[in-house]
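Engineer: For reference, the structure I am asking about is given below.
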Amino acid sequence: MHILALPAFRDNYIWMIHDTRSAVVVDPGDADVVLAACAEGGVQPQGLQLAGILVTHHHPDHTGGVAALLRHLPVPVWGPLAEDIPGVSQRVADGDEVVLQAPELRLRVIEVPGHTLGHVAYHAQSERLLLCGDTLFSAGCGRLFEGTPAQMLHSLQRLAALPPDTQVLCAHEYTLSNLQFARHVEADNAATESYQAWCEQRRGQRLPTLPSTIGRELQVNPFLRSDQAAIRAKLEQHCGRPPADGVEAFAMLRQWKNDF
Ligand code: ZN
Ligand code: FE
């Protein structure tokens, strides 16, 4: 299986998974990017055949290309049951399985409310892949546009519980800016320091910092570490009082990041 991060807009990635003949794409905000990748990739001269589209949530930078792709080719489009997204033909909820013949792929749906209320992630257990949209970013997490801190924390905890070698395919290249905040709230974290150096090198060569892994995120992502003593102490210093519980610690951290 081949995994491509197709850059779109300013900092989006449209993930493409293909077997050199057939491809699925995730969150195609821009159809032209996908069509160009299909034409250039795979077994020539046919290129890649688009076989399906997966959508994680309703925001336009993740759905804007769906209609144009469907005009090109009527393929199945999977998307969250709880959101009304034009073009979605297969509405999925927690625990559902998405089964693709080509490329051969089985994905389990995980509902991850927080960034939006209906947001879903797709987990391919045998390929060790997580398509998490705008929920988990490398060294960060999505903004809470619709959900509560308790919902987002629970969603992130479910993703964090996946096997550590799971590759994390996030929808945005936010890693370096997230790391500035991560370094600020957890200055003594050696893993974050060396990861930042590696990410700077990657971005210097215009290469993606993604995919990350669950194992790495557990080491560097403050939003998966808001229960750590060092972060709680920083939160107390910043907010003038200690967080009452885990949800409040996460809420304080998310608010701090918004203002950072
Ligand atoms: Zn979004
Ligand atoms: Fe987005």
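Engineer: Given the Cα atoms of segment 85-221, and with Rh set as the inverse mean 1/r over their pairs in the Kirkwood sense, what is Rg to Rh to two decimals?
Structural biologist: 0.99
Engineer: Only Cα pairs under 8 Å and at least 6 apart count here; give the relative contact order of segment 136-260 as a rounded whole percent.
Structural biologist: Values: 145 pairs, mean separation 40.8, N = 125.
Relative contact order for segment 136-260 comes out at 33 percent.
Engineer: Tell me what the chain gives for mean residue ellipticity at 222 nm when only DSSP H runs of n ≥ 4 count, each as -39,500 (n - 2.57), the sum divided by the residue total, rounded to 500 deg cm²/dmol.
Structural biologist: After summing the helix terms and dividing by the residues of the chain, the value is -10500 deg cm²/dmol.
Engineer: Helix 246-259: angle to the longest alpha-carbon principal axis of the chain, degrees 0 to 90, nearest 10?
Structural biologist: Helix 246-259 and the main axis of the chain meet at about 80 degrees.
Engineer: What is the antiparallel percent of DSSP beta bridges lying wholly in segment 41-152, to the nearest 5?
Structural biologist: 70 percent
Engineer: Can you tell me the 0 to 90 degree angle between the C-alpha axis of helix 190-204 and the longest principal axis of the chain, rounded to 10?
Structural biologist: The answer is roughly 40 degrees.
Engineer: Further, regarding this structure: Mind sorting LEU207, LEU100, LEU235 by how few other Cβ atoms lie within 10 Å of their own Cβ, fewest first?
Structural biologist: Fewest-to-most Cβ neighbours within 10 Å comes out as LEU207, LEU100, LEU235.
Engineer: Moving on. Taking the Cα centre as origin and putting +1 on Lys and Arg beta-carbons and -1 on Asp and Glu beta-carbons, what dipole magnitude results for segment 1-98, to the nearest 20 debye? Don't skip to the end; give the middle numbers.
Structural biologist: Values: 4 positive and 12 negative charges, 64 e Å.
Here the size comes out at about 300 debye.
Engineer: Net charge near HIS123: determine it from the other residues with C-beta under 14 Å of the C-beta of HIS123, scoring Lys and Arg +1 and Asp and Glu -1.
Structural biologist: Around HIS123, the surrounding residues sum to -2.
Engineer: In degrees, nearest 10, range 0 to 90: what is the angle between the Cα axis of helix 229-239 and the longest Cα principal axis of the chain?
Structural biologist: That works out to roughly 80 degrees.
Engineer: Nearest 5 percent is fine: what portion of the DSSP beta bridges confined to the chain is antiparallel?
Structural biologist: Percentage antiparallel, nearest 5: 65.
Engineer: Residues with beta-carbon under 15 Å from that of ALA39, excluding ALA39: net charge, scoring Lys, Arg +1 and Asp, Glu -1?
Structural biologist: Numbers: positive: ARG21; negative: ASP30, ASP32, GLU40.
Around ALA39, the surrounding residues sum to -2.
Engineer: Let me ask another. For the chain, what relative contact order do you get, as a whole percent, if you take Cα pairs closer than 8 Å and at least 6 residues apart?
Structural biologist: Relative contact order of the chain: 13 percent.
Engineer: Next up: Looking at the chain, I'd like the Rg to Rh ratio, where Rg is from alpha-carbon atoms and Rh is Kirkwood's inverse mean 1/r.
Structural biologist: 0.98
Engineer: Given the options HIS123, HIS58, HIS184, which has the most mean-square fluctuation in a GNM of the chain, springs set between C-alpha atoms less than 10 angstrom apart?
Structural biologist: The residue that fluctuates most here is HIS184.
Engineer: Along the Cα-to-C-beta direction of ARG202, a point sits 7 Å from the Cα; which residues of segment 171-193 have their amide N less than 13 Å from that point?
Structural biologist: Within reach of a label on ARG202, which here means backbone N under 13 Å from a point 7 Å along Cα→Cβ, segment 171-193 contributes 171-179.
Engineer: While we're looking at this one, here's another question. With springs only between Cα atoms under 10 Å apart, run a GNM on the chain and tell me which of GLU173, GLU97, GLU111 wobbles the most.
Structural biologist: GLU97
Engineer: Here is a follow-up. Given PRO149, LEU176, LEU130, which one lies farthest toward the positive end of the charge dipole of segment 112-235, if we put +1 on the Cβ of every Lys and Arg and -1 on the Cβ of every Asp and Glu?
Structural biologist: Toward the positive end, the furthest listed residue is LEU176.
Engineer: What does the charge dipole of the chain about its Cα centre add up to, to the nearest 20 debye, if the Cβ of each Lys and Arg holds +1 and the Cβ of each Asp and Glu holds -1?
Structural biologist: The calculation lands at about 300 debye.
We did not get these values from a lab; they are worked out from the coordinates using the rules stated. None of the values given here were measured: they were computed from a predicted structure. Cβ coordinates were reconstructed from backbone atoms using ideal geometry, including for glycine residues, and neighbour counts include every protein chain displayed.
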